[in-house]
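Report on the structure given below.
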Amino acid sequence: MLTTKQSRLSALLIPILSVLLGFIFGALLMLLFGYNPIDAYQAMLMGVFNSPYFIGEAIRQATVLTFTGLGFAIAFKAGFFNIGIAGQLLVGWVAAIWVALSFPDLPRIILLTISIGAAIVAGAVWAGIAGTLRAYFGTSEVIVTIMLNYTALHLTNYIIRSVLTTGNTTDMVSENASLSVGWLTTLTQGSRINMGLFIAIIVVFLYWLFMTQTTAGFEVRAVGLNPDASTYAGMSAKRNIILSMLISGGLAGLGGAIHGLGTFGNLFTQSGLPSLGFNGIAVALLGLGNPVGIFFSSILFGVLDVGAGFMPNRAGVPDEMADIVIAAIIFFVGANYVIRLVLDKMKSNKTAEKGGE
Amino acid sequence: MAQTERVIEMKGITKRFGEFKANDNINLNVEKGEIHALLGENGAGKSTLMNILSGLLEPTSGEIYVNGKKAKIDSPEKANQLGIGMVHQHFMLVDKFTVAENIMLGKEKHNYGFMDDEGAEKDVKDLSDRYGLTVDPSARIEDISVGMQQRAEILKTLFRGADILIFDEPTGVLTPQEIDELMDIMKKLTDEGKSIILITHKLDEIKKVADRCTVIRRGQSIDTVNVKNTSQQELADMMVGRSVSFKVDKIASVPQGPVLEIKNLTVKESRGLEAVKNIDLEVKAGEVLGIAGIDGNGQSELIQAITGLTKAESGTIKLDGKDITGEKPREVTETGLGHIPEDRHRHGLVLPMKLEENMTLQQYYQKPFSKNGLLNHGKIKEFAKKLIEEFDVRTQSEESTAASLSGGNQQKAIIAREISRNPALLIAAQPTRGLDVGAIEYIHKRLIEQRDNGKAVLLMSYELDEVMNVSDRIAVMYDGKIVAIVRADETSENELGLLMAGVSLEKAKKELAGKDIKAGTAGAAGAAGNAENDGKERATVANDETE
Amino acid sequence: MDIVSLLQLIVSSSLVYAAPLIFTALGGTFSERSGVVNIGLEGIMVMGAFMSAIFNLSFYSTFGAMTPWLGLLAGGVIGILFSLIHAVATINLRADHIVSGTVINLAAPALAVFLTRAIYGAAQTGPLARSFGFSDIFLLEKIPVIGPIFFQNTSGPAYLGILVAIIAWVVLFKTRFGLRLRSVGEHPHAAETLGINVYLMKYSGVMISGFLGGIGGAIQAQAIHNEFGILTVAGQGFIAMAAMIFGKWNPLGAMGAAIFFGFAQSLARIGNYIPIIQDIPGVWLQVLPYLLTIIILVGVVGRSTAPKDLGNTFIRSK
């Protein structure tokens, strides 16, 4: 038992060290270009934590990241790389707003349910295309999901301009489709934090329940770790590919609904794919696929995202710095072999010293 | 050999992997022009030692002398320069390249960086003519026979001027007849002044070709003996460290009604060619039916069709009276099939998952392991603990990952899982591959036990000894067809060998009868052509030969 | 519009859009032939586009009309530097190839825009000093009928790309270097036992992919967008990867596929001039290249021809 605890501890060390190294890398880069990294990081953190409003905003951002992170994670566990999270989030956003605008007068509980439900279905279908093609034709899900990302982007803009409105922004959804929670808004001095937070916490729990306590989760894990042995044992690899991609896309679509209904309450034309999708990949990799880990990674990246906005004005550093730090963190998570190697060396040195005593 | 000359001297070689000593103070001397066998069980440390000699591993301590000079072999390149070449067990060949490209790779024939394909092919042709190793230089590796692939692998070392050739378990993929050819090649090479180290765990091969033999057990060199003066039994005892019997103890089988009935079965492999061609086969309750054959003659596809992993092209498969043709693996399993797959790492276990999860890999969705889609971890654990104890699976705990177990214990875990479901038919494909003698004995016992309990067992193995010792009847597969079904106690290794090479039963019997007469008149010279299959008798025959 | 000028329009705009894809797909071919998956090509293109834009704006006064061509080199060099991150991560640090590629794709746009802001104070560079424009291909333009359609007023970089594709084919299949590079992608342990430096070969493959991918990005910036911004590359790297798969990891196949994708992309721009196609709503022409990529991938199922050891981490036997 002791050994599993120890390995859990060292498993925790990798993301923590990766985050540290990522920040250090960012600092070095800023120094290289003549910026003051301490000012920049201070601006980022103070900007968020000195104001209830921005704490609320960071949590709101983290909420959506939790969905996209969990979405990426479940496909990853099943052995697939769903790079299409951004596109799936976008179609979820479109679906939620479309439904909410179509039935503005339905009671809140019903309208929210069908709007969010439509978003989940839309995201699931979008990812399901890639899953189905992978299952039946062996087509690389990486390329298919990326292609579907751009397809989603163009279709979204077309739908906004030609179907929902004639301009670049839709109307706001009705009060009945709003996710805002009065006391949370008041507590955070009017931030856009919303009931998505509670949905996210519930989904984190459901994700854990699904993966560890259900036969379907057992199958997803087994197929992800060894599809051949799972097939020999009578599981259907195809079914699980599709199932995990459906859930993955569904979670991304849910994130899109929370973002659309909760953050903005409308839909507008996009010049590029939402970064929330790609950062979801980062969140999942940093959280090592563990739902609680993903939740905490989301909060970190939420703070980074929102805090980045303070860097240009308060420290003169372009806010893209935050994205560079995120990329660096994931670099170190991905290259954790080195971190492990160093940790192991330190450990064996320690035991050697002990042995010498 | 008038004046012996040591070409290789390894002194006190130790190799540690963390806490584990794979080689512990091993000594090995190889003389010029000899075939020196390196005998040991799987995991004894033979491969580690040879990887050290061929520059793939560096020893923790110890010294190596090549041709009397101390050498530091820190790369395969260095080994090449010293004239040491390795013929790998799993051929180190690039499938998509031609024979010539594979042989030349790293020492290419080129003009200013541009490949000279014609020149290269000519050089390879010359080399193959010189040593009598027939290959087609311009053929792609993926298109040629295993035997030719091996010859290409040998040529690769000769092309690099190797004088000391290491053969790592070279016969596993060959027919008995191809093995004889290989033995001839090896003898011819030593006649040319080459020295050979033969890594093997097959005693009869050592008796046939080796001059001396170094036995390795648990990382230590036990002894180096003169093969002529040592019996197979003595070698075996040295290898295992205790007295071993090769015979599997079993009573006569009492076959009952058919459990598996296959009619007119045709199966296509992934590229769309027919791998199993219109075969009929029956396995009865209370018998072990062995399938003998060289790798790639349709055995794997046959098993995949029975287990539901591949769709049959035509024909029917009945299990326990139920038609299972075209059923999915899960339905077939539920009908009453246990399957010990050929590749336990790829197909038998999910290595990163816990042992307890692996133990219920086929049953997790059934009661009592789950209810309404929710897993019952307590029951899973309880079940795993029971199997671990009953089948003596050595593990830290049922929560350890399958990857943390040794090969033998992984296989035991699979067997425990498959037998615990009490299947009407148990398919065991290469169930003892890579295991040590203790584990092999245990697994054979379990298979026989299953038979004695009135179940049917289908055993597929490329090891003839195993098929002959464990089976009651043997079906020989060649080119997708079952060429003969013989009784295990009425056949011989040579007869099976001929059948496996596609010779019909009638012809095989005739040919063997002819050989026996010849052998009888020409004295004991034809040991290789002898028809006895009993281990002890073979040993005595070989001993006779030395006089 | 008469038939010759219509054909000329179709051919030249197809080639304009194909040029970045040809180079980048060739880059991917080298990387994957050495066994390293490089979805980071998208990010590498971004860096190449960025660097060429900077070069173009900074050195036009020095180099004049040659500037865009030299800009290709600038893009190629930054591509090599950026690909080294991928090489170190996947070859030495044993990172998953897709994770590492994703890192490159996250980092490149962020870094490029960060630097653009640092240098120009805005997220875009603004119009470049000199773009490639259209050129005539020496002598070939004079061939009757074929000359005007294929070789007049056309994309210079695309023809360079076709030339490079032929050279790449010779290098991969007819030289010692190519044989060794392919051996490492197929069976690195066999190569290792024969004394081939597996790491060096993989580094070569990845760095060549960085060079060609960087050039691809530089063409994208200097021939198509005429500026650098976050949207300059927008998925071209991924389409190039698809072209590589469609071309079965063969330089000539990859080139052909890239030209085909170039044609598909050009339709959204020139569709208005072509009968029948002009009646299709614009959005469909916009998503056509992406959907076509998917359809082609489904049809090809190229797995069987992929290098055998693709995507695996090579660990020395030692």
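Here are some notes:
One line per residue, one yes/no per condition, for (1) modelled with pLDDT under 90; (2) open to solvent by less than 20 Å² (accessible area, probe 1.4 Å); (3) out of contact with any Cys (no Cβ under 7 Å at 6 or more places or on another chain):
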site: B:L165; (1), (2), (3): no, yes, yes
site: B:T171; (1), (2), (3): yes, yes, yes
site: B:M183; (1), (2), (3): no, yes, yes
site: B:K188; (1), (2), (3): no, no, yes
site: B:D191; (1), (2), (3): no, no, yes
site: B:V227; (1), (2), (3): no, yes, no
site: B:Q233; (1), (2), (3): yes, no, yes
site: B:A236; (1), (2), (3): yes, yes, yes
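- Test: C:A87 is facing chain A (nearest Cβ under 9 Å) and within 26 Å of A:D323 (Cα to Cα): no
- Test result for B:Q362, part of a loop (DSSP other than H, G, I, E, B), crowded, with 20+ Cβ neighbours inside 10 Å and within 14 Å of chain A (Cβ to nearest Cβ): yes
- Test result for C:L200, more than 10 Å from every other protein chain (Cβ to nearest Cβ), without any contact (Cβ under 8 Å) to a residue 60 or more places away in the chain and at negative phi: yes
- Candidates A:G128, A:G69, A:G56: the one that is over 15 Å from A:L246 (Cβ atoms) and over 16 Å from the mean Cα position of the chain (by Cα) is A:G56.
- Subset of the stretch C:275-310 that is of a type in the set (A, V, I, L, M) and open to solvent by less than 20 Å² (accessible area, probe 1.4 Å) - its residue that is nearest to A:Y150 (Cα to Cα): C:V287
- Scanning the stretch B:109-124 for residues that are surrounded by fewer than 16 Cβ atoms within 10 Å (Cβ to Cβ) and away from every other protein chain (no Cβ under 14 Å) yields one hit, B:K122.
- Looking across the stretch A:295-326, the residues that are without any contact (Cβ under 8 Å) to a residue 60 or more places away in the chain and within 12 Å of chain C (Cβ to nearest Cβ) come down to A:P312, A:P318, A:D319, A:E320, A:D323.
- Of the set (1) surrounded by fewer than 18 Cβ atoms within 10 Å (Cβ to Cβ); (2) within 18 Å of A:F76 (Cα to Cα); (3) touching a residue at least 40 places away in the same chain (Cβ under 8 Å), all apply to A:V220 but (1).
- Selection count where residues are in contact (Cβ under 8 Å) with a residue 12 or more places away in the chain, surrounded by 18 or more Cβ atoms within 10 Å (Cβ to Cβ) and more than 23 Å from the chain's Cα centre (by Cα), scope the stretch A:133-156: 1
- Hey, C:M51 under 21 Å from A:D323 (Cβ atoms), assigned to a helix (DSSP H, G or I) and within 14 Å of chain A (Cβ to nearest Cβ) or not: no
- Looking only at the stretch A:131-149, residues that are at pLDDT 90 or above, within 7 Å of chain C (Cβ to nearest Cβ) and more than 19 Å from C:G101 (Cα to Cα) come to 1 in all.
- From the list B:K385, B:K381, B:K367, the one residue that fits, being without any contact (Cβ under 8 Å) to a residue 12 or more places away in the chain and either part of a strand (DSSP E or B) or farther than 20 Å from B:G43 by Cβ (or both), is B:K367.
- Flag if B:A79 is touching an Asp or Glu at 6+ places or on another chain (Cβ under 7 Å), in the same structural domain as B:G18 (by TED's automatic domain parsing) and free of Cβ contacts under 8 Å to residues at least 60 places away in the same chain: no
- Residue list for the stretch C:90-114, restricted to those being among the polar types (S, T, N, Q), within 7 Å of chain A (Cβ to nearest Cβ) and over 18 Å from the mean Cα position of the chain (by Cα): C:S100
- Failed condition for B:S397, given (1) part of a helix (DSSP H, G or I); (2) surrounded by fewer than 21 Cβ atoms within 10 Å (Cβ to Cβ); (3) of a type in the set (S, T, N, Q): (1)
- Verdict on A:G280 being closer than 19 Å to A:T151 by Cα, crowded, with 20+ Cβ neighbours inside 10 Å and modelled with pLDDT of 90 or more: no
- Condition check for B:E356: outside any helix (DSSP H, G or I), within 20 Å of B:S420 (Cα to Cα), among the acidic types (D, E) and touching a residue at least 40 places away in the same chain (Cβ under 8 Å): no
A quick yes/no check of all residues on (1) open to solvent by less than 10 Å² (accessible area, probe 1.4 Å); (2) within 14 Å of chain B (Cβ to nearest Cβ):
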site	(1), (2)
A:S230	yes, yes
A:S236	no, yes
A:I247	no, no
A:A257	yes, no
A:L261	yes, no
A:S271	no, no
A:G293	no, no
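- Being open to solvent by 40 Å² or more (accessible area, probe 1.4 Å), under 18 Å from B:G336 (Cβ atoms) and in contact (Cβ under 8 Å) with a residue 24 or more places away in the chain is a condition met by at least one residue of the stretch B:267-282.
- Counting only helices (runs of 4 or more DSSP H) that sit completely within the stretch C:150-247, those holding 1 or more residues that are basic (K, R) and farther than 25 Å from C:T313 by Cβ correspond to C:156-174, C:176-186.
- Scanning the stretch B:74-103 for residues that are among the β-branched types (V, I, T) and more than 8 Å from every other protein chain (Cβ to nearest Cβ) returns B:I84, B:V87, B:T98, B:V99, B:I103.
- Of note, B:S243 does not satisfy the criterion of being free of Cβ contacts under 8 Å to residues at least 12 places away in the same chain, over 25 Å from B:G83 (Cα atoms) and under 21 Å from the mean Cα position of the chain (by Cα).
The values are calculated or read from the model by the stated rules, or taken from the named source; none is laboratory data. All figures in this text were calculated on a predicted structure; none of them were measured in a lab. Positions of Cβ are generated from backbone atoms using ideal geometry, with glycine treated the same way; all protein chains shown enter the neighbour counts. Accessible surface areas use protein heavy atoms only, side chains included; no ligands, DNA or RNA. Shrake-Rupley method; radii C 1.70, N 1.55, O 1.52, S 1.80 Å.
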